[in-house]
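Please treat every number below as a calculation from the coordinates, not as lab data. Everything numeric here is computed off the predicted structure, so don't read it as measured data. Cβ atoms come from the backbone with ideal geometry, glycine included; neighbour counts cover every protein chain shown.
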Amino acid sequence: MVIPSVLPERPSIGTPFRTGWPVRLADTDREHRLRLDAVARYLQDIGFEHLDAVEDGDSHRGWVVRRTVIDVLKPVAWGERVTLHRWCSALSNRWCNMRVQIVGSGGGLIETEAFLIHFGIDSGVPTRMSDRFMAPMLAGTTEHRLRWQSALTEPMPDTAAADVEVLPFPLRVADIDVLDHVNNAVYLAVALEELLARHSDLLTAPYRVIIEYSKPLESGDQVQVIGRRAGDTLDAWLAAGGEARAVARVTPL
């Protein structure tokens, strides 16, 4: 199984990095639910805070998200204060799986894991992490030969099929980050949240979201969100130029 049905527990060795903040109005929907794009931003924010707290963090500022898994066990709501714990669950010397647990003061609980690739800021290619940077990650894990394997391999469907939904995804200036790519949180905000609004029953019980990014979306791309539901499973593809740039799946837990 590429992704375990239950994400790895905190390690018994070492102390996960911890931070927190209040859930703000702009992070939530009309039902006060913490949106998926806000979860993605939380993962980015704690990641950069974590870099400031570890050895050699200042020389490891370049990261690309290849996959994110979000298990919403109990929705986090507006008005709660969240505590986030972050730790490594597996690694190689150029990439790693990073777990983040989000616990709300009112009982909300979201478990996440992201496959992150370390890139050299100047070279723009996957780059080996330093020994000092990896030391605490190696101490708290048993998987040190992590390899990439896609979990979402379903081909993009024909947009003319009767069971397929197609939504426009116009890019905005605010969607583009410093790499001239669409920020990964935007995929969840404009694309998946928009599609889920048509399938809100999937959010009434614990659910898992998986999103895998295969090729960046860039300013000027003409993008479509292609959705297809089969029973309790909702699949979504973000496509440009006739090819899928990212794929997502929502399933019950």
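Once the Cβ-Cβ distance of ASP177 and ARG198 is raised to the sixth power relative to R0 = 35 Å, the FRET efficiency obtained is 0.80. To the nearest ten degrees, helix 36-51 and the longest principal axis of the Cα atoms of the chain are 20 degrees apart. Within the listed set ILE13, ILE210, ILE102, the residue fluctuating most in the Gaussian network model of the chain (springs between alpha-carbon atoms under 10 angstrom) is ILE13. With the cut-off at under 13 Å, measuring from each backbone N in the stretch 181-225 to a point 7 Å along the Cα-to-Cβ line of VAL166 picks out 223-225.
Only DSSP H runs of four or more residues enter the estimate; each adds -39500 (n - 2.57), and after division by the residues of the chain the mean residue ellipticity at 222 nm equals -3500 deg cm²/dmol.
Where Rh denotes the Kirkwood radius from the mean inverse Cα pair distance, what is Rg over Rh for the stretch 1-49?
1.06
When each of the peptides 67-77, 156-166 is scored by how many other beta carbons lie within 10 Å of its residues on average, the order from highest to lowest is 67-77, 156-166.
Across the chain, the mean sequence separation of Cα contacts (distance under 8 Å, 6 or more residues apart), normalised by length, yields a relative contact order of 19 percent. Basic side chains Lys and Arg get +1 at the Cβ, acidic Asp and Glu get -1 at the Cβ, and with that the dipole of the chain about its Cα centre reaches some 500 debye. Amide H to amide H distances under 5 Å link PHE169 with VAL223, VAL225, where only residues 5 or more positions off or on other chains count and H is placed in the peptide plane. Once both labels are positioned 7 Å from their Cα atoms along Cα-to-Cβ, the gap between ALA230 and VAL2 label points is 1.5 nm.
Using only the Cα atoms of the stretch 1-121, what semi-axes does the equivalent ellipsoid have when each is the square root of 5 times a gyration tensor eigenvalue? Give whole Å, largest first. Each step should come with its number before you reach the end.
Working: eigenvalues 118, 51, 39 Å².
The answer is 24, 16, 14 Å, longest axis first.
Length gained on full extension, LEU73 to SER219, computed as 0.36 nm times the residue gap minus the Cα-Cα distance: 49.1 nm.
Rg and Dmax, both from the Cα atoms of the chain and both in Å, are 17.9, 54.
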